Amino acid sequence: MNITRQPIGRGLLWLSEGLRIMSKQPIALFALTFMSLAIMVLPSVVPLLGTVASLALQPAIYVGLMTAIRAADNGQSPHPRMLFSAFTADQGKGWQPLLMLGAVNATLSVAVFGIASLFLSADRLSAISEDAGRDAAIAGLTDTIWSMGIFALLFAPVQMALWYSPLFVGWHKIPVGKSLFFSVVAVWRNKGAFITLFLGWFAILFVVVLALQILILGLGLASTLMSMLIAPLSMLLIAAAYCSFWVSYKDVIRDQDPEPTAITSD
């Protein structure tokens, strides 16, 4: 299995191909994306432990969603049971390394959040929304910006490590440690293309929201209608974004043998 380097403009191709796949099975992929997000978020309703369980479950459900998108790309009909394909693979043992990967995800995410929260002061944070004076409000806002910046800086390598590693573990049976490393390598080698991809999606989201605002203001409709429209449109865009992630995977990761013996780079 080879990790390739793609040009910066390749991200736009990933985006357009993601939209193409989404257009093949829009209702099914919309529903499966909604289901996958609901399954991942559901445990978080339980305080503390539920959030950790949600993070630990993400890799296995992600593999299931990518399996459904791969099926749609191949002209097959995605089915809800595909979301749980990781739990039925290898005679029901395929979920075990993915759960281990999920434990890594939970540990790193909680650690990053904990470090970032050290830069937040509860008193200064409350000053942002309360009448505590201009200087106190500015100090609270500064703390929040610093905390968000530190979180983004620390969480970026975590996301890089977890971007492709669930698929390496679930589809290629690569050990968790190597999967995390190879995922970082794959994303870093194609960082320009990924930046282009995310900027493209941001531009689409901006245009969609702006168009809705102009339409609603132009027709004099209630602002609540915009909220009602944004939710399903956002889910459609999220589903299409996942489709573009799959396109990036099959483009970056070549010779995708189910059980590779080595990974090289070209």
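The values are calculated or read from the model by the stated rules, or taken from the named source; none is laboratory data. Worth saying up front: this structure is predicted, and the values here are computed from it rather than measured. For neighbour counting, all protein chains shown are included, and Cβ atoms are generated from backbone atoms with ideal geometry for every residue, glycine included. Note: accessible area is taken over every heavy atom of the protein model, side chains too, but ligands, DNA and RNA are not part of it. Shrake-Rupley method; radii C 1.70, N 1.55, O 1.52, S 1.80 Å.
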Task: Pairwise centroid distance, computed over Cα atoms, of region 63-93 with region 145-183, Å - done: 21
Open item on the list: Sort 169-182, 187-200 by the packing proxy (mean of other Cβ within 10 Å over each peptide's residues), most packed first.
Closed with: 169-182, 187-200
- [ ] Please work out the Cα convex hull volume for region 179-223 and give it in Å³ per residue.
- [x] 68
Open item on the list: As a test of reading the structure, rank TYR62, TYR249 by solvent-accessible area (1.4 Å probe, protein chains only), most first.
Closed with: TYR62, TYR249
TODO: Mind listing the long-range amide H neighbours of ARG5? Cut-off is under 5 Å, sequence gap 5 or more, other chains count too, H placed in the peptide plane at 1.01 Å from N.
DONE: ASP266
Open item on the list: For TYR164, what residues show an amide H to amide H distance below 5 Å, using hydrogens built from the backbone and excluding near sequence neighbours?
Closed with: none
Task: Estimated vicinal HN-Hα couplings, Hz - region 53-62 in sequence order (Karplus 6.51, -1.76, 1.60; Gly, Pro = x) - done: 4, 4, 5, 5, 7, 4, x, 5, 6, 4
Task: Qualifying lysines (Cα of each under 21 Å from Cα of LYS250; at least 8 residues distant if same chain) - done: LYS24, LYS173, LYS178, LYS191
